[in-house]
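So the structure is just underneath, and the comments pick up after that.
Derivation of every value follows stated rules applied to the coordinates shown; laboratory data play no part. Predicted, not measured: the structure shown is a model, and the values here were computed from it. Positions of Cβ are backbone-derived with ideal geometry, glycine not excepted, and every protein chain shown enters the neighbour counts.
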């Protein structure tokens, strides 16, 4: 796709997000299975369900724009997922691995937050209020997921404290 207009850039960003979310849908079950604490397993499972909604919202935006959602490969997400897979394959203390999985998941959340913030801003500049609202909703959910991961690491189950031994 040639980036000849702000609308084309918007579609490109949406396609990248769509690829990222679909890659994440494939990775989250592995992360859940690799987690030691039930709270982290549950968080990965609940985020998988939330990610399905994110994909549906993107599909709704694509339908409104009369564009097909596929056709892009999000290399950034592929790299982040690869790093998460490396953690899953490592041997080590269960609590330390959970802390590492949280770190990997938060990198993913921060990547998504950046992508959704950019796409929302483009939607705003293009005057597409519906897309802006849908993207804002997802952006808020990604930020909440990041905060929940921080809380899981630092309070509640104290995963980081457990990892200290």
### Query
What angle, in degrees between 0 and 90 and rounded to the nearest 10, separates the Cα long axis of helix 94-125 from the longest principal axis of the Cα atoms of the chain?
10
### Task
Note down the nm distance, to one decimal, between modelled labels 7 Å out along Cα→Cβ at residue 90 and at residue 140.
3.6
### Task
Match the structure shown to one of the listed values [x] 2, 9, 18, 21, 17, 12, 9, 6, 4, 2, 0, 0; [y] 1, 7, 14, 17, 17, 13, 10, 7, 4, 3, 2, 2, 1, 1, 0, 0, 0; [z] 2, 10, 20, 25, 21, 13, 7, 3, 0 of P(r) over Cα pairs in 5 Å bins from 0, in percent, computed from it, and give that label.
[x]
### Relative contact order (%) - region 6-163, alpha-carbon pairs under 8 angstrom, separation at least six
28
### Message
Just to confirm my numbers, what's the Cα centroid distance between region 117-159 and region 70-110 in Å?
### Response
19
#### Entry: Least to most buried among 113, 81 (fewest other Cβ within 10 Å first)
113, 81
### Query
When ranked by the protection proxy of mean other Cβ atoms within 10 Å per residue, highest first, what sequence do the peptides 142-150, 63-71 form?
142-150, 63-71
### Query
Given the options 134, 126, 14, which has the most mean-square fluctuation in a GNM of the chain, springs set between C-alpha atoms less than 10 angstrom apart?
126
